[in-house]
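A.B. asks: Can you read through this structure? Questions will come right after.
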Ligand SMILES: Nc1ncnc2c1ncn2[C@@H]1O[C@H](COP(=O)(O)OP(=O)(O)OP(=O)(O)O)[C@@H](O)[C@H]1O
Ligand SMILES: [Mg+2]
């Protein structure tokens, strides 16, 4: 068993440059093809010419036989030129007559000679090769020798032309392949150099698009698309880090200020008062870091981590209970769960709880008096609706509320609102579960609609 040649450790041809390798292979294949065609050409020319010669010899032999039967002597008139010679041989192998060129020569064939036409061995007459045909009838044999000189000359002429033409054609084809490859590889090498430069200078530059509409151009365009996406991702990442740092600053600064005040305060009652605020600040920090961590995890792995069958309705009831226990804003907002029915989904219960909690918290924070939550199942989808009667979200901002760190109600102050990560987490978590989330106008208020693919496996069994 031979080991396949591994990439990276090439042997033989692989050591040469790509340009040389391809040109060499093209030249070898072309040479083999041209040589095969040349050999075929020479052979078929030769066999064609000899066929013609034999046909002419047969008709001439017939003529000579008729002349001999008529008692004519073989004179200069009976053979057309010196490329043909004739002998008449009797049954004992004696030469009875010969054309002028063969006078005094031993018979070219020896009896017994087969009756009728017969192709005998080639003979050498006066230094050149002749094809020998015999026609045996009535005790006499007509021996007709045709010179192969013309055939040899024509074959030699064709061979010479091919011997000159084939290398020339080979050189032309190889040269064309070499030049074309050189051009193509140069454009690729130019692209490579531009990419190498990019990694040194940053992602804001783009590759030059070659003019020819070929694969190299498509490669360059695809790489530019890739660079666009990389640059956007890099910017988003940088903005996220900057925003996160900015968000973390204010609670830390607040915490520090309170610590300073506490340190300066003399009485233990003042400490207690400040300690409560500091715990608040620390909680806010914890929440923020939790959210950042959740987003980082969602960015990292596209699917839910600990997926299993989950009853979405159970999660909704649990979260509503938690929310009621924690107390709704100013205590006047009621949460209605009349429209919650069964909804079985496949997913990570922790993430799904987060989705429900973030939507519920937002709704309770913005509602005037009532929040309505619903879960329903239809057409293989489980739909979760969270609806409030608050101010709603202006149309042009509806697609943007899911962006990270986006807060529409900055004026309400940081203590009241969060960091603007809640809906971003909702969107990422929902997408990770193969669902989608949208926000609509509920006139008045906002209506968040989330759907997940239904988990049918358990329900059917
Ligand atoms: N039910 C709603 N009614 C009106 N506006 C809303 C509603 N839900 C969200 N918004 C607006 O969308 C913004 C983004 O919401 P998101 O939940 O992402 O952030 P947040 O609630 O401010 O902070 P966090 O959820 O991280 O504590 C909010 O600041 C708010 O302006
Ligand atoms: Mg929120």
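Only the coordinates and a few stated rules stand behind these numbers; no lab work does. Remember, it's a predicted structure, so these values are computed and weren't measured experimentally. Positions of Cβ are generated from backbone atoms using ideal geometry, with glycine treated the same way; all protein chains shown enter the neighbour counts.
A.B. asks: Using a 7 Å offset from the Cα along the Cα-to-Cβ direction at both residue 183 and residue 449, what is the distance between the two label points in nm, to one decimal?
C.D. replies: For the pair residue 183/residue 449, the computed spacing is 5.7 nm.
A.B. asks: Can I ask one more? Compute and list, largest first, the equivalent-ellipsoid semi-axes of segment 287-351 from the alpha carbon gyration tensor, each √(5λ) rounded to a whole angstrom.
C.D. replies: Equivalent ellipsoid of segment 287-351: 26, 19, 7 Å, largest first.
A.B. asks: Do me a favour and compute the ellipsoid semi-axes for segment 230-308 from its Cα gyration tensor, root of five times each eigenvalue, largest one first, whole Å.
C.D. replies: 36, 17, 5
A.B. asks: Stokes-Einstein D for segment 199-346 at 10 °C, 1.306 mPa s, Kirkwood Rh over Cα pairs, in µm²/s?
C.D. replies: 74 µm²/s
A.B. asks: Quick check: convex hull over the Cα atoms of the chain, volume per residue in Å³, rounded to an integer?
C.D. replies: 370 Å³
A.B. asks: Helix-only mean residue ellipticity at 222 nm, the chain, DSSP H runs n ≥ 4 weighted -39,500 (n - 2.57), per residue, nearest 500. What is it?
C.D. replies: Result for the chain: -18500 deg cm²/dmol, rounded to the nearest 500.
A.B. asks: Further question: May I ask you to give the average projected area over all directions of the convex hull of the Cα atoms of segment 141-220, in nm² rounded to one decimal?
C.D. replies: Hull-based average projected area comes out at 9.6 nm².
A.B. asks: Taking 1 over the mean of 1/r across every pair of different Cα atoms in segment 69-189, what Kirkwood radius in Å do you get?
C.D. replies: 18.1 Å
A.B. asks: Can you pull the three principal axis extents for the Cα set of segment 194-270, in Å, largest first?
C.D. replies: 82, 18, 11
A.B. asks: Another question, if that's okay. Can you compute the radius of gyration and Dmax for segment 328-373, using only the Cα atoms, both in Å?
C.D. replies: 12.2, 36
A.B. asks: If packing is taken as the average count of other Cβ atoms within 10 Å, what order do 126-134, 363-371 fall into, highest mean first?
C.D. replies: So the order, starting with the most tightly packed, is 363-371, 126-134.
A.B. asks: I've got another one for you. Can you tell me the orientation of helix 18-69 relative to the chain, as the angle in degrees between its alpha-carbon axis and the longest Cα principal axis, to the nearest 10?
C.D. replies: 30 degrees
A.B. asks: Just the Cα atoms of segment 78-131: what Rg and Dmax do they give in Å?
C.D. replies: Rg, Dmax (Cα atoms, Å): 11.2, 29.
A.B. asks: Between residue 82 and residue 137, what FRET efficiency comes out of the Förster formula 1/(1 + (r/R0)^6) with R0 = 22 Å and r the beta carbon distance, rounded to 0.05?
C.D. replies: E between residue 137 and residue 82, to the nearest 0.05, is 0.25.
A.B. asks: Now for a different question. Using only the alpha-carbon atoms, how far is helix 349-366 inclined from the longest principal axis of the chain? Give it as 0 to 90 degrees, nearest 10.
C.D. replies: The helix 349-366 is inclined about 50 degrees to the chain.
A.B. asks: Please compute the length gained on full extension between residue 40 and residue 171, using 0.36 nm multiplied by the number of residues separating them and subtracting their Cα-Cα distance.
C.D. replies: 45.0 nm
A.B. asks: Follow-up question, since we're still on this one. To the nearest 10 degrees, how steeply does helix 268-300 sit against the main Cα axis of the chain, on a 0 to 90 scale?
C.D. replies: 20 degrees
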